[in-house]
1. If you count, for each residue, the other Cβ atoms within 10 Å and average over each peptide, how do 302-315, 217-230 line up from highest to lowest?
2. Take each of the peptides 276-287, 148-159, average the number of other beta-carbon atoms within 10 Å over its residues, and list them starting from the highest.
3. Once you list every other residue whose beta carbon is under 12 Å from the beta carbon of residue 123, what net charge do they have if Lys and Arg are +1 and Asp and Glu are -1?
4. Put a dot 7 Å past each Cα toward the Cβ at residue 110 and residue 51; how far apart are the dots in nm?
5. Let me know the charge dipole size of segment 78-164 about its Cα centre in debye, to the nearest 20, where only the beta-carbon of Lys, Arg (+1) and Asp, Glu (-1) is charged.
6. Based on alpha-carbon centroids, what's the gap between segment 209-231 and segment 308-351 in Å, whole number please?
Amino acid sequence: MVLRALFFTCMFRALHQSWGVDLTVLLGALLFPRSWRSFLKDLQVVAIAAVLLYLLMEFENWRYWYPLSSPVEFSTSVEQLTNAFGTRIQLVNNAQYGGFLKAVLLADKSDLPASTLDVFRDLGISHVLAVSGFHIGFWVMLLRPFFSWVRSPKGKVVAHVVQCIVLFVYAHVVGASPSVLRAVWMYSLARLAILQQWRIPSLHFLMIVAIGHYFVNPAAPRTLSFQLSYTAVFAILLALRKGKGEQLILHYSYRRIRKKGSWFFVPIQISLAAWSATLPIVQGAFGGSSPYFLAGNLLVVPLITLMIWACIPLMVLADILPQEIPDLYETLWLSLMNAAQRLLFVLKELG
């Protein structure tokens, strides 16, 4: 109960400061889970919330004067790794496909043409370029074969720790935004819970990470990245209504969903939940949202995902491949963007 109260307090306090959300909404959110139970329980929650609000204000003032920062050696190593990765991508492809790889793998959109950014925005698929759980899932599955040989329970935990360290470094390579840090820590905790067979509801991982994020950087909940990322995941977990931590990493898993038709409907359910929950924030921040997000996520994102996975052999073998191969990738990418533009034109005509 304390964890839930703290989570709602942090989130609604940030929304109030950023968007002017009435704090009576906070009161309703705190009381609603217990409103049909006990009046004394409701008073207890309100008292906890009042104390937390006071302590959080004092903590924010203290953290302002004593912020946390990464060691210089770590920041220097991350910068060198980022530069090396960017140089490798330029060697692979220095045209539009290379610009897309830099955007999706390094969070560097400087080489993406404005027309491509417009297509992503108009189709409601800009989240592909915002490094978050989608991209962490890519690296999780990419790293999995390197640890598949581990069989012992302790060995799996050690392998998981190594994997999490790699993901944590990658999160800093792409700028350590709240969304990517949220994805790394939630995956780390959820996977550890599976390995240790802890029976922890999946929503608790989200709340634990959000609270930890707040204590490290109290200013983070006021950023748009934090609010969009946590709100979307919170809505997804509520929509899927799964209690086990394993379900939190459903989109990182190779396991086939047994229920017939779930492979099609679950992604739609996830997209609708995330879009619906973040719509008020998107409307306030950008003055509108794309009405074509469902078509973009169902028709274009799978093809873009294939183009991301297809870069692996190109990245590994770029030194020995003939130039015709990178040229083929560039042609495929341009064809995909042209098809996305035509789809957008058709949708606008029909709308």
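Since every read-out is calculated from the coordinates, none of them should be taken as a lab result. This one's a predicted model, so the numbers in the text were calculated from it and none came from an experiment. Virtual Cβ from ideal backbone geometry, glycine too; neighbours counted across all protein chains shown.
1. Top to bottom by mean Cβ count within 10 Å: 217-230, 302-315.
2. Packing order, densest peptide first, comes out as 276-287, 148-159.
3. Numbers: positive: 121, 342, 348; negative: 118, 122.
Once all neighbours under 12 Å are counted, the net charge is +1.
4. Those two pseudo-labels are separated by 5.0 nm.
5. 580 debye
6. Segment 209-231 and segment 308-351 have Cα centres spaced 34 Å from each other.
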